Amino acid sequence: MAVDAAASVEIRGALVRLRRSTGLPVAFGGLLDSGRRQMRISELNGTATESLSRLAVTAGNGLGGKAVTLARPCAVTDYSASRQITHEYDAAVAVEGLRSVVAVPVVVRRRVRGVLYGALRTAQPLGDRTLTAAVAAARDVEQALVVREEVRALLAAARPEPAPNEEGAALEQVREAHAALRALAPRIADPALRSELLEACALLTAERPAAGVTLAPRELDVLACVAAGSTNAVAAERLGLGVETVKGYLRSAMRKLGAHTRGEAVVAARRAGLLP
C-alpha cells in the first residue's frame, strides 16, 4: 500500500509537469489495481468535471486499456470517432469534452504500473513534442518508483533478524546496503527523492556523527565503498568517477580522520558514527 501511495504522489507531480511543458489543458492518470488487469483513474489535473474520477479502465478497453495491453504509448486525434480503440468510456470522455488524447503507460521492470494521459478539447494531432513530453513524464515516474523500490529492498536486506551466529553476516549486509545507497544517490536528479534516499541511508549508521568529524559527501561515498570491500577501481565504477578521483577523495578522508591506511580510515569513520 505504501508503494501505491508513493506512485500516486509521483503521478500527481508528473501530470503537473506534463501540462506545464506542453500547454495541454487536461492531464490525468492512475495506477493498476494490485493483481488485476484494471487501471483506476485517481489523479486529475485541469479537468472541469468529475466524470473521469475513479473511472476503472480494463486492460484492452479504450485508449488507456490499449496502452496497458501493448505497454506502449497510444494516441487518437478524435476519441469518440476513433476506430483504433473500443468505446466503453465514451460517455465519461464526452462529459469532460475531450477529443485528442494520448495515453502513456508507466512500466516498471517490464510491468505496467499505471497510465498517464494528456488531452485537448479539440480534434487535432498532438504533435511529436507533446508525445515526447508525455513519454518523458512517464519515465520520470518509472525512475522514481524504481529508486524507491531499490531503497526498500536494500533496507529490508540490511535489517534481517539474525541468529546469534549470523550477526557478522547481517552486519556485512548492512554495510553493503549503505555503500549501495551512497552510490545510487548522486544519480538521482530529483532533489527531494535524493534527500529521502540519503535519509534512509543514514538510518543504517549505528550512531550520530561525532562532533567535529565531517566528511564531504563524495569522501563518504568512497569510504562506504571501501568499507564494503571495494577496490579503488570498483569504487570508481560504482560511483561513476575516475580511479584517480577516488584516490583523491580517499586521501582527503584519511587526512580528516587522522588515518594512515584505508583500514584505519574505515575504523575511524565507524567510531565516529559515519559508517555502519
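The values are calculated or read from the model by the stated rules, or taken from the named source; none is laboratory data. All of these numbers come straight from a predicted model, not from anything done at the bench. Cβ sites come from the backbone with ideal geometry, for glycine too, and all protein chains shown count toward neighbours.
Give the number of residues within region 32-42 that are crowded, with 22+ Cβ neighbours inside 10 Å and either more than 22 Å from the chain's Cα centre (by Cα) or over 16 Å from Glu96 (Cβ atoms) (or both).
Selection size over region 32-42: 2.
Tell me yes or no: at least one residue of region 146-153 is modelled with pLDDT of 75 or more and assigned to a helix (DSSP H, G or I). Break it down stepwise before answering.
Here is the first cut: in region 146-153, the ones modelled with pLDDT of 75 or more are 146.
Keeping just the survivors that are assigned to a helix (DSSP H, G or I) gives 146.
For region 146-153, residues modelled with pLDDT of 75 or more and assigned to a helix (DSSP H, G or I): present.
For the condition hydrophobic (A, V, I, L, M, F, W, C), touching a residue at least 40 places away in the same chain (Cβ under 8 Å) and part of a loop (DSSP other than H, G, I, E, B), what is the one hit in Leu24, Leu18?
Exactly one of Leu24, Leu18 is hydrophobic (A, V, I, L, M, F, W, C), touching a residue at least 40 places away in the same chain (Cβ under 8 Å) and part of a loop (DSSP other than H, G, I, E, B), namely Leu24.
Just for region 63-102: of the residues that are of a type in the set (Val, Ile, Thr) and in a loop (DSSP other than H, G, I, E, B), which one is farthest from Arg40 (Cα to Cα)?
If we take residues in region 63-102 being of a type in the set (Val, Ile, Thr) and in a loop (DSSP other than H, G, I, E, B), then Thr77 is farthest from Arg40 (Cα to Cα).
Only residues that are out of contact with any Pro (no Cβ under 9 Å at 6 or more places or on another chain) and within 23 Å of Arg17 (Cβ to Cβ): list them for region 55-77, please.
Residues satisfying the conditions are Leu55, Val57, Leu63, Val76.
Just for region 7-29: of the residues that are surrounded by 19 or more Cβ atoms within 10 Å (Cβ to Cβ) and within 16 Å of the chain's Cα centre (by Cα), which one is modelled with the highest pLDDT?
My answer is Leu15.
Mind listing whichever residues of region 246-276 are among the small types (Gly, Ala, Ser) and touching a helix residue (DSSP H, G or I) at 6+ places or on another chain (Cβ under 8 Å)?
Hits for region 246-276 are Ser252, Ala253, Gly258, Ala259, Ala265, Ala268, Ala269, Ala272.
May I ask you to list the residues in region 103-141 that are aliphatic (A, V, I, L, M) and not in a helix (DSSP H, G or I)?
Across region 103-141, the qualifying residues are Ala103, Val104, Val106, Val107, Val108, Val112, Val115, Leu116, Ala119, Leu120, Ala123, Leu126.
Pairs please, first residue from region 254-276 and closer than 22 Å to Ala180 by Cβ and touching a residue at least 60 places away in the same chain (Cβ under 8 Å), second anywhere and surrounded by 15 or more Cβ atoms within 10 Å (Cβ to Cβ) and of a type in the set (S, T, N, Q), Cβ atoms under 6 Å, 6+ apart in sequence or on different chains.
So the pair list comes out as Gly273/Thr205; Pro276/Thr205.
Residue pairs, Cβ under 8 Å, 6 or more apart or interchain, first in region 89-112 and free of Cβ contacts under 8 Å to residues at least 40 places away in the same chain, second among the charged types (D, E, K, R) and part of a helix (DSSP H, G or I). List them.
Matching pairs, first to second residue: Val107/Glu142.
Any residue at all in region 46-59 that's part of a strand (DSSP E or B), in the same structural domain as Gly127 (by TED's automatic domain parsing) and either among the hydrophobic types (A, V, I, L, M, F, W, C) or out of contact with any Gly (no Cβ under 8 Å at 6 or more places or on another chain) (or both)? Reasoning before the result, please.
Of the residues in region 46-59, the ones part of a strand (DSSP E or B) are 56-58.
Add one more test, that the residue is in the same structural domain as Gly127 (by TED's automatic domain parsing), and what stays is 56-58.
Next, only the ones that are either among the hydrophobic types (A, V, I, L, M, F, W, C) or out of contact with any Gly (no Cβ under 8 Å at 6 or more places or on another chain) (or both) stay: 56-57.
Yes, region 46-59 has at least one match.
Rundown of residues vs (1) touching a Pro at 6+ places or on another chain (Cβ under 9 Å); (2) not aromatic (Phe, Trp, Tyr), yes/no style:
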{"position": "Tyr79", "(1), (2)": "no, no"}
{"position": "His87", "(1), (2)": "no, yes"}
{"position": "Glu96", "(1), (2)": "no, yes"}
{"position": "Arg111", "(1), (2)": "no, yes"}
{"position": "Arg121", "(1), (2)": "yes, yes"}
{"position": "Val135", "(1), (2)": "yes, yes"}
